[in-house]
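Encoded as structure tokens, the structure appears first; notes follow it.
The values are calculated or read from the model by the stated rules, or taken from the named source; none is laboratory data. All figures in this text were calculated on a predicted structure; none of them were measured in a lab. Methodologically, a virtual Cβ is constructed for each residue, glycine included, from the backbone with ideal geometry; neighbour enumeration extends over all protein chains shown.
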Amino acid sequence: MTIKEALQKLEHFCAYQDRCHQEVVTKLYSLKMSPDEADIIIVKLIADNFLNETRFACSFARGKHRMKSWGKTRIINELKMRHISTVNINLALKEITPEEYETTFNELSQKCWGSLNETNSLKKRKKFCDYMLRRGYESNLIYDKAKEFEQI
């Protein structure tokens, strides 16, 4: 595959959905491109604004919070796995307003607590806390919410 063909293929790949550098590099190697050719293509994608790590981080954070109700901890960990810089991670987290975050957390915790059919209060609390921690919410928020539910 020539550089021009690979560039065209990756422009479509990046235009379809925001991508991080790691995803593009993986795609380039799957197309059997050499490291030098990959560098040329990546520079061109960045110059033409097909590849933008800040834009990727912001849309990733917004999307995962709004669509999958992920908390900040999970979003941070997922972005770190994709080798996104701390600066871009902090910018991405600013995309989620505190009001929106609190609303999502409250709705998700209500739904989860209501769906648990556990009679033992300690087991119910553990299941609730484990679920919310997996979703990436901060432990202090979760434990305060669990205490609040237990008092009702």
**OP:** At least 1 residues that are polar (S, T, N, Q) and closer than 22 Å to H21 by Cβ in each: list the helices (runs of 4 or more DSSP H) lying fully within the range 62-152 that qualify.
**Re:** 72-81, 86-93
Original post:
On the given criteria, is A146 within 13 Å of the chain's Cα centre (by Cα) and of a type in the set (G, A, S)?
Top reply: no
Original post:
Between a first residue in the range 118-147 that is under 15 Å from W70 (Cβ atoms) and a second residue that is of a type in the set (K, R) and part of a helix (DSSP H, G or I), which pairs have beta carbons less than 6 Å apart while being 6 or more apart in sequence or on different chains?
Top reply: G136/R74
Original post:
Only one of T86, T104 is without any contact (Cβ under 8 Å) to a residue 60 or more places away in the chain, polar (S, T, N, Q) and in the same structural domain as Y143 (by TED's automatic domain parsing); which?
Top reply: T104
